[in-house]
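See structure below.
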Amino acid sequence: MTVRVGVAVLGSTGSIGASTLDVLARHSDRFRVVALGARDNVQRLQAQCLTCQPDFAVLTEPGAARQLAAGLAAAGCRTRVLAGGAALDEIAAHPDVDYVMAAIVGAAGLASTLSAARHGKRVLLANKEALVMSGPLLMEAVASGGAALIPIDSEHNAIFQCLPPPGAESRRGVRRILLTASGGPFLRSPPADLERATPEAACAHPKWVMGRKISVDSATLMNKGLELIEACLLFGVPPSQVEIVVHPQSIVHSMVEYLDGSVLAQLGNPDMRVPIAHALGWPERLASGVESLDLIKMGRLDFESPDFARFPCLTLARAAAEAGGTAPAVLNAANEVAVSAFLERRLAFTRIPVVIDQVMNAHRHTAVQTLDDVLAADGWARTCAAAVMAPLAGVCA
């Protein structure tokens, strides 16, 4: 009898989590859902538990965890419910868990991702913020723990597929990485429309169905800026070797150019089940449930340079990548605070990069040696961003 691979899906109630469970259900003979984790979505996590029957379920909000435990008990489900962020770390390290889908959005997913890496799991990295914040710490944890880190972002997964295996001598032949961007919902919007942009408009992505935070990041193109930082860390290249190319159709997910002039690209329909299936099956290929790409029907593929004046977050992110140290963590934290304020209608869309810029200018970048360094920079940036947004705020101390 074949032993099934144990999988923990952290961030299971989000779009990536739901897509992961869809792929896992198609291969129930190969995979077993050991644990599910989320923040506070009791209703959705309860439904997932009743379907998947995992050994463990985690909600980081204690009150929500108690509500989930009561609901599952009433339904006769034997899933054990755990509460708190530390429970996510424990699940990520659990001996029955072989693969960890790291899909918790933002800084909240950092500790559990590090835990999975340190314990030698296959880490399916959908939480780009964990890598952006901790940078070398996460890569060191992967190396020391003997973990496998496979990116889930469609762009980085495409690059992963187009590059030779890690450590191969042929990686010296890479000239540059071409990171594609859809351009988001405001690619062609007049500047006046950006001033009046609403959360609903920013979250209406033309190609991808995503959570609200990442949708806003896609609208500002900060998502692509974070991906630039992530690409440098994942693939060991300097920012000067990563170029962003706007590709509105979202069919070419990224490309790698080699010294001989060859350009390798990965194409596919814009559906996150494609990179998820790749990461689950690697080095094999698994059916994802996504329909075949019809290039004849597509007809054309367009590419253009990004408008850095319209999308200043790209410039801010590249500056953070070049500075290194605590700069990416500060960039990420300031962005999270500003995006949250925009979604709550407390900040105009065009003020998001203004807040980030002011926080970055106020910060003295230092080297990252421990997780405490990362968390301290993250906390400082959040406090500073809140001060910048306050009506009477002037300078961050």
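The values are calculated or read from the model by the stated rules, or taken from the named source; none is laboratory data. Just so you know, these numbers come straight off a predicted model, no measurement behind them. Backbone-built Cβ (ideal geometry, glycine too); neighbour counts: all protein chains shown. These accessible areas exclude ligands, DNA and RNA; they are computed on the full protein's heavy atoms, side chains included. Shrake-Rupley method; radii C 1.70, N 1.55, O 1.52, S 1.80 Å.
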Could you tell me whether any residue of the stretch 270-282 is under 17 Å from A181 (Cβ atoms), in a strand (DSSP E or B), out of contact with any Pro (no Cβ under 7 Å at 6 or more places or on another chain) and in contact (Cβ under 8 Å) with a residue 40 or more places away in the chain?
-> no
Being at positive phi, modelled with pLDDT under 95 and over 14 Å from the mean Cα position of the chain (by Cα), is that true of even one residue in the stretch 155-175?
-> yes
Going through the stretch 306-321 one residue at a time, which ones are open to solvent by 60 Å² or more (accessible area, probe 1.4 Å) and either modelled with pLDDT of 95 or more or in contact with a Ser or Thr (Cβ under 8 Å, 6 or more places away or on another chain) (or both)?
-> F308, T315, R318
Which one of P190, P199, P164, P151 is closer than 18 Å to G268 by Cβ and not aliphatic (A, V, I, L, M)?
-> P151
Name every residue in the stretch 205-234 that is open to solvent by 10 Å² or more (accessible area, probe 1.4 Å) and of a type in the set (A, V, I, L, M, F, W, C), in order of residue number.
-> W208, V209, M210, I214, C232, L233, L234
Of those in the stretch 87-105 that are open to solvent by 10 Å² or more (accessible area, probe 1.4 Å) and closer than 12 Å to R122 by Cβ, the residue nearest to the chain's Cα centre (by Cα) is Y99
Report the residue count in the stretch 328-341 for those that are surrounded by fewer than 24 Cβ atoms within 10 Å (Cβ to Cβ) and of a type outside the set (D, E, K, R).
-> 3
Pairs with Cβ under 8 Å, 6+ apart, first in the stretch 347-358 and in contact (Cβ under 8 Å) with a residue 60 or more places away in the chain, second of a type in the set (V, I, T) and in a helix (DSSP H, G or I) | F349/T220; I352/V216; I352/T220; I352/V339; P353/T220
Answer yes if at least one residue in the stretch 235-255 is over 25 Å from G106 (Cα atoms), part of a loop (DSSP other than H, G, I, E, B), in contact with a strand residue (DSSP E or B) (Cβ under 7 Å, 6 or more places away or on another chain) and open to solvent by less than 30 Å² (accessible area, probe 1.4 Å), and no otherwise.
-> yes
Using beta carbons and a limit of 6 Å, which pairs, at least six apart or on different chains, have the first residue in the stretch 318-336 and over 16 Å from A130 (Cβ atoms) and the second one open to solvent by 10 Å² or more (accessible area, probe 1.4 Å) and polar (S, T, N, Q)?
-> G325/T366
For the stretch 342-391, name all the residues that are open to solvent by 50 Å² or more (accessible area, probe 1.4 Å) and assigned to a loop (DSSP other than H, G, I, E, B).
-> E344, R345, R346, R364, H365, T366, A367, Q369, T370, P391
Residue check, L264 under 19 Å from the mean Cα position of the chain (by Cα) and either within 21 Å of C162 (Cβ to Cβ) or modelled with pLDDT under 95 (or both) = no
Counting only residues that are within 24 Å of L36 (Cα to Cα) and open to solvent by 10 Å² or more (accessible area, probe 1.4 Å), give me the strands (runs of 3 or more DSSP E) lying completely in the stretch 106-203 with at least 2 of them.
-> 148-151
Please find, among L131, L138, L124, the residue that is touching a Ser or Thr at 6+ places or on another chain (Cβ under 9 Å) and modelled with pLDDT of 95 or more.
-> L124
Among (1) of a type in the set (A, V, I, L, M); (2) open to solvent by 60 Å² or more (accessible area, probe 1.4 Å); (3) outside any loop (DSSP other than H, G, I, E, B), A287 falls short only on (3)
